[in-house]
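The values are calculated or read from the model by the stated rules, or taken from the named source; none is laboratory data. Nothing here was measured: the structure is a model prediction, and the numbers come from that model. Cβ placement follows ideal geometry from the backbone for every residue including glycine, while neighbour counts extend to all protein chains displayed.
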């Protein structure tokens with residue numbers, strides 16, 4: 001009977017330890033999902049990779065996608081990607097700067113398309129969620145900004161809020177590494 005009690009106690013301790021570590025893991029997943037996502041109304045879209053590309057014409061191209069850096073790099077070699085969510089913004093500055101907010105007047109192009117495909121390194125198909133200007137006035141953003149909190153060699157931290165013409169609230173944030181591209185590629 002004493003051996004049975006010891007076994008029961010050990011099992012209870014093991015379950016308690018497993019339950020604690022499981023909670024910790026779930027918090028990490030929740031924290032990551034909260035940090036790297038775009039929300040359009042009631043819909044959340046997870047973002048896994050950021051790309052920053054300064055250009056020669058005094059603007060910087062910023063994009064976020066739900067695909068990993070390895071998947072993106074494979075698409076440059078012809079791999080087809082499906083179910084791609086793709087946010088892009090062209091900001092009228094030569095590069096991003098930490099602790100700077102770029103308002104809508106400083107963003108020449110803005111678009112978020114979901115469920116598209118990358119075929120031969122080109123984004124195709126997909127469904128527009130919002131853009132700066134386009135064929136459906138209700139999907140056009142009327143106000144908002146992108147705030148870059150940190151832009152360094154190994155980290156990009158940003159958040160943004162926009163309001164669509166139809167009243168839909170848009171928000172997003174990203175905190176992590178990024179894929180830098182330059183004009184020489």
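When you check residue 99 against the structure, is it within 16 Å of residue 47 (Cα to Cα) and surrounded by fewer than 13 Cβ atoms within 10 Å (Cβ to Cβ), yes or no? Considered against the rule, which asks whether it is within 16 Å of residue 47 (Cα to Cα) and surrounded by fewer than 13 Cβ atoms within 10 Å (Cβ to Cβ), residue 99 comes out as no.
Is one or more of the residues making up region 48-65 on the phi < 0 side of the Ramachandran plot, part of a loop (DSSP other than H, G, I, E, B) and either surrounded by 15 or more Cβ atoms within 10 Å (Cβ to Cβ) or modelled with pLDDT of 95 or more (or both)? Scanning region 48-65, I find at least one residue that is on the phi < 0 side of the Ramachandran plot, part of a loop (DSSP other than H, G, I, E, B) and either surrounded by 15 or more Cβ atoms within 10 Å (Cβ to Cβ) or modelled with pLDDT of 95 or more (or both), so the answer is yes. Please go through region 135-164 and give me each residue that is surrounded by fewer than 14 Cβ atoms within 10 Å (Cβ to Cβ) and outside any strand (DSSP E or B), ordered by number. Matches in region 135-164: 135, 136, 137, 138, 153, 154. Among the residues of region 102-127, those that are more than 16 Å from residue 63 (Cα to Cα) and surrounded by fewer than 13 Cβ atoms within 10 Å (Cβ to Cβ) comprise 103, 105, 120, 125, 127.
Every residue, every condition in (1) in a strand (DSSP E or B); (2) within 14 Å of the chain's Cα centre (by Cα), yes or no:
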| residue | (1), (2) |
| --- | --- |
| 39 | yes, yes |
| 70 | no, no |
| 73 | no, no |
| 82 | yes, no |
| 90 | yes, no |
| 98 | no, no |
| 101 | yes, no |
| 118 | yes, no |
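Contact map, region 85-112: residues that are farther than 14 Å from residue 174 by Cβ paired with residues that are in a helix (DSSP H, G or I), Cβ distance under 8 Å, separation 6+ or inter-chain. Pairs shown: 91/106; 92/106; 93/106; 110/104.
Within region 109-154, track down each residue that is touching a helix residue (DSSP H, G or I) at 6+ places or on another chain (Cβ under 6 Å) and either outside the structural domain of residue 83 (by TED's automatic domain parsing) or closer than 16 Å to residue 81 by Cβ (or both). Result: 118, 121.
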